[in-house]
1. Inspect all residues belonging to segment B:46-54 and state whether any of them is within 14 Å of chain D (Cβ to nearest Cβ), surrounded by 20 or more Cβ atoms within 10 Å (Cβ to Cβ) and at pLDDT below 95.
2. For B:Ala85, indicate whether it is touching a strand residue (DSSP E or B) at 6+ places or on another chain (Cβ under 6 Å) and assigned to a helix (DSSP H, G or I).
3. What about A:Thr198, is it closer than 18 Å to D:Ala224 by Cα and open to solvent by 10 Å² or more (accessible area, probe 1.4 Å)?
4. Checking A:Ser136 against (1) open to solvent by 30 Å² or more (accessible area, probe 1.4 Å); (2) facing another protein chain (nearest Cβ under 9 Å); (3) not in a helix (DSSP H, G or I), only one condition comes out false. Which one?
5. Regarding segment D:317-324, can at least one residue be identified that is in contact with a Phe, Trp or Tyr (Cβ under 8 Å, 6 or more places away or on another chain), basic (Lys, Arg) and not in a helix (DSSP H, G or I)?
6. Of the residues D:Asp207, D:Asp235, which is out of contact with any Lys or Arg (no Cβ under 8 Å at 6 or more places or on another chain), open to solvent by 10 Å² or more (accessible area, probe 1.4 Å) and over 20 Å from A:Arg154 (Cα atoms)?
7. Among what's in segment B:311-332 and is within 14 Å of another protein chain (Cβ to nearest Cβ) and of a type in the set (A, V, I, L, M, F, W, C), pick the residue that is surrounded by the most Cβ atoms within 10 Å (Cβ to Cβ).
8. Within segment B:115-130, is even one residue within 14 Å of chain D (Cβ to nearest Cβ) and more than 30 Å from C:Ala242 (Cβ to Cβ)?
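The values are calculated or read from the model by the stated rules, or taken from the named source; none is laboratory data. Computed from a predicted model, the values in this text were never measured in an experiment. Here the Cβ positions follow ideal geometry from the backbone for every residue, glycine too, while neighbour counts run over all protein chains shown. Heads up: the accessible areas ignore ligands, DNA and RNA and are worked out on the full protein's heavy atoms, side chains in. Shrake-Rupley method; radii C 1.70, N 1.55, O 1.52, S 1.80 Å.
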Protein chains: 4
Amino acid sequence: MLNIGIIGAGRIGKVHSESITYHVKDATVVAIADPFMNDETKAWAEGLGIPKISKDYHEILNDAAVDAVLICSSTDTHADISIEAIKAGKHVFCEKPISQDLAKIKEVMEALKGSNVKFQVGFNRRFDHNFEAVRSAVAEGKIGDVHIVKITSRDPDAPPIEYVKVSGGMFLDMTIHDFDMVRYLSGSDVEEVYANGTCLVNPAIKDAGDIDTAIITMKLANGALAVIDNSRKADYGYDQRAEVFGSKGQVAVTNDSASTAVISTNSGVTGEKPLYFFLERYMASFSKEVSLFVKACLNNEAVPVDINDGLQPVLIAKAAKKSLEEGRPVKLSEITF
Amino acid sequence: MLNIGIIGAGRIGKVHSESITYHVKDATVVAIADPFMNDETKAWAEGLGIPKISKDYHEILNDAAVDAVLICSSTDTHADISIEAIKAGKHVFCEKPISQDLAKIKEVMEALKGSNVKFQVGFNRRFDHNFEAVRSAVAEGKIGDVHIVKITSRDPDAPPIEYVKVSGGMFLDMTIHDFDMVRYLSGSDVEEVYANGTCLVNPAIKDAGDIDTAIITMKLANGALAVIDNSRKADYGYDQRAEVFGSKGQVAVTNDSASTAVISTNSGVTGEKPLYFFLERYMASFSKEVSLFVKACLNNEAVPVDINDGLQPVLIAKAAKKSLEEGRPVKLSEITF
Amino acid sequence: MLNIGIIGAGRIGKVHSESITYHVKDATVVAIADPFMNDETKAWAEGLGIPKISKDYHEILNDAAVDAVLICSSTDTHADISIEAIKAGKHVFCEKPISQDLAKIKEVMEALKGSNVKFQVGFNRRFDHNFEAVRSAVAEGKIGDVHIVKITSRDPDAPPIEYVKVSGGMFLDMTIHDFDMVRYLSGSDVEEVYANGTCLVNPAIKDAGDIDTAIITMKLANGALAVIDNSRKADYGYDQRAEVFGSKGQVAVTNDSASTAVISTNSGVTGEKPLYFFLERYMASFSKEVSLFVKACLNNEAVPVDINDGLQPVLIAKAAKKSLEEGRPVKLSEITF
Amino acid sequence: MLNIGIIGAGRIGKVHSESITYHVKDATVVAIADPFMNDETKAWAEGLGIPKISKDYHEILNDAAVDAVLICSSTDTHADISIEAIKAGKHVFCEKPISQDLAKIKEVMEALKGSNVKFQVGFNRRFDHNFEAVRSAVAEGKIGDVHIVKITSRDPDAPPIEYVKVSGGMFLDMTIHDFDMVRYLSGSDVEEVYANGTCLVNPAIKDAGDIDTAIITMKLANGALAVIDNSRKADYGYDQRAEVFGSKGQVAVTNDSASTAVISTNSGVTGEKPLYFFLERYMASFSKEVSLFVKACLNNEAVPVDINDGLQPVLIAKAAKKSLEEGRPVKLSEITF
């Protein structure tokens, strides 16, 4: 049994706490900490049976009974807390991105050197049933050599402008999942990026210096090509699709919806919209990624998403940003790390 | 080259004339006759290049240059004209049903005995791309032994009451195609029928002594079961589907529509309605059935839908009608023939 | 918080225990009893944190702390234990069917008279996301008046012959869910049944006096028609579909599968098979039905599936059996109750 | 009635001759010319009832009875014959592309100035039922303002190397249809192109100086973004899809196939592959584009695909080629015309 401490009791910290309690075998949440811990959150944590509730995550790091931590705090704290946890000998599951600052990621990598700590990054979509099915088909050679990877990723609505301003930009905030997906589905690193981006959804996003619509193309190390299209607002809901085309065929996944119901009337033949957003669409992936983290910790196995998997999408996002700014394709090797 | 005379220049006579002219190789329409031939129809026939246009079909039967006739006249004349044509040595393609009167069908069968005349019945749906695909899958053993045949057949709108009154009832007028489809898809005769029928679409149909909604179940000679569901009015259009389930799996076909377009909006994910009615849905089947008739005539081969195939659905319809009247399953052997 | 005792720790008892523990708010499993309680099951129950584990369900009925029981024992004990539980003042959630013996169901109904006990029957499929979507569309009038209800229900494989022998026959064992579904989706009672049944999957089932393939048609009290097709073995997996056709259109649901992945190769365009069987397909419905039972108990509301809903499918199954035996349509009023 | 002369009796010349004869009202093929006219082609033309058959297209241009010509000769002759035809006062339907040489297109444009000749370019896919449905949805505002256009266009197999060598490159030979489609579906011109291209299908294509796999992104004049992905070989067949995403939703079309048949077995749920190639997929579009050309000629209306529509895709293809060579986005304004 792995004893887990949760650092950060915001939305994603709560999701992980509940999914571990109800769905992850061989793991227990033994502690949770959040600087803004209030009565409501405390009651919620008690309801889940979490014995140790505090405002200071050091209480978790200093607790010898804690084997591993989930870092669900704000993005800018991920790297520093990771380093502290590594030094305290705790296995670390760190929410994505490790950092928007490459130097910080480097520090975490340094801290990991020589340690026996497991370090996993929270790219949960890899554990979604649909994307796993695509990856399996590719890995089993069902479509032959990979030629083209296509990802459609559109949110149901743009985030608040205040969030946009501190998000690090759409590529680091939203597309980062899709950059990871390109690597996961293709089984290859990315070598070069060209980004087209614009602001068509909300002019306030442009005023905030960001974009809301983009098409990003990539050249992969294995010779294949990839493309992602993004929008911050798809009126029909969360659009999460992927295709991988290869020498022997194609595998594609489309959206999940609440039911298979199709209503045929004089107006047409109408099915349901996609599931609303990531909590509906990807809920099962959260327990699956942690289950595999737990398994890796308990059996001393490799984690399924390691620190390099955490680093690469940040590098791609940086290259995409540079491409957008300079209006030219940018190689990942141009990004100083 | 087969010289064809068309007897009857109503809707279906026109459909056949045009499809032979434009789509059937090795055949020419050399004559057309209709007692109600008017200037408009004459102009249409001339436009098609049909050289001989008359009011009297005997001019066709007496024309030595005519090899074959398509009988597209009103249903009550099919059998008598068939017999005259057989006696005149013309190959016969007769629109369905041969007759609503079993004694008349018997007379046609008698007339055919000893003759070299080809006789095909116009069950065109057998030549529809979708139903052919089902039949191929069954015949090739892809689904193993047939266990269950399911047919959904619903019209987009009920016919006029005046038509209902002379139609012979829904089973002989509409379901007869589905009875044929059960035989075609299963490759088996029908042994027993039980019919549930009611009037839910238009009370005037009930007043006319008919039904507009039905579920008919059948026991087949090969041991399989079959079911047809019918409605005279599907608000979303012409619903023409079939499934055959067997020991190794299932083959199913759904409706055709005008395009594959799917529009996703805040209201749902909406595709097109089925093609409106039989002229849209089954147009290609009309030229295909005649092409095969022409081939059978020219090469002295068996026709794909012979007189027994024309008889059986009438027997099934009679049994269904009796079942509905008597509230019990009726064997085909109970129908006097 | 509702304290629940589980009577019967077989497959379905375990499913309910786990789903209550992990997914049902406001309820706790406080006791479980099974005459065959062994070490393995005991360890499992302890792992779930169930405090009271015994071989005798009377310990549950006699426990004042228990508010409600789930009767998950063998079918032949459902009615008697229900009556004991009612007399003990416990709310009852009884797995389907209440009994295969109508007299026993009558006894339970008698026992309920004048009591304040809630009594719910375990027709879980009503709480499946797909069937709920069909029911909602019908109830909201989206398809107008109901004309035709169609249910396809096929198991992935036939049960062992030993099970078949004691199952009460396919109609009472398997089709009973579909009879309930006809009532649920249509919002109407069934008045008359005609059953075609045969043995095409496994001759040993015939030897055991049962059938494995059936088409059952029904006349409903609201004037609509219904049809169910059943097979004990669909080689492609658990086939669970439904359609309701009405004056304004149709609503249909198809199967769920493990992912939306479609692989296109030289061999065709291939999607996944349906989810394997009821535990995969209907898992979420088990927690939902119990959640609503808990809500009804705590708030003194009507249960969503009451004892009449438990009785009716048994009556329909009896009528279907009689129809099959006598080769004629049978009215429910013919079944002595 | 429009009298048409066909210049070029190769594959596409034959397709047009047959589709005009059988499907285009108000038009007749009165002459056909091909320098390689042989006995077989002559017999075919006679079978269609074409009265005038020659080796020299000047016989068509000099024939006062000819109202219009379809230029179906080899690409390098399109422009010169167009100019001759314009000077002869014949309406011109010219197969795509007008020329691979922009100077030649300019000459045609000059020749058209002041003439009353109709000039249409053969971008037939605009008249495909699926793409028309997408365009209609966009034009009717069903998806709001256009944000993203996505086109997938993959051939079932790579052309012979000898063809590749003289094709002008994949962008001018194959992608040119997709460039036209971007303009047609979006209703906007293209301003900038960035092309990723590689050779993954057949190394001999690389040796011939061409590519076989590409992803091309575009910035449109209306502010939207577009992307095309191409492959010379999709093992599952001709993949022709499009999506347009906008402020209010998305419209998407997928492939047509020979039937809707779906076979469910132990191996999966398998539908048919796409229709094999452009003759199967786009046959109906050939008669439709010519019908509209005929209508424009007879009624002195604007043609649906004018010379600018013929020019723009060549400009985009040139920009794409330059982008690929120089590894940077290229504006259409950089292409000298």
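1. Pass one, segment B:46-54, residues within 14 Å of chain D (Cβ to nearest Cβ): B:47-49.
Subset that is surrounded by 20 or more Cβ atoms within 10 Å (Cβ to Cβ): none.
The answer is no; no qualifying residue exists.
2. Values: touching a strand residue (DSSP E or B) at 6+ places or on another chain (Cβ under 6 Å): yes; assigned to a helix (DSSP H, G or I): yes.
Answer is yes for this residue.
3. Numbers: closer than 18 Å to D:Ala224 by Cα: yes; open to solvent by 10 Å² or more (accessible area, probe 1.4 Å): yes.
Yes, satisfied.
4. With respect to (1) open to solvent by 30 Å² or more (accessible area, probe 1.4 Å); (2) facing another protein chain (nearest Cβ under 9 Å); (3) not in a helix (DSSP H, G or I), A:Ser136 is out only on (3).
5. no
6. Details: D:Asp235 fails: out of contact with any Lys or Arg (no Cβ under 8 Å at 6 or more places or on another chain).
So the residue among D:Asp207, D:Asp235 that is out of contact with any Lys or Arg (no Cβ under 8 Å at 6 or more places or on another chain), open to solvent by 10 Å² or more (accessible area, probe 1.4 Å) and over 20 Å from A:Arg154 (Cα atoms) is D:Asp207.
7. Filtering first and then ranking leaves B:Ala320.
8. yes
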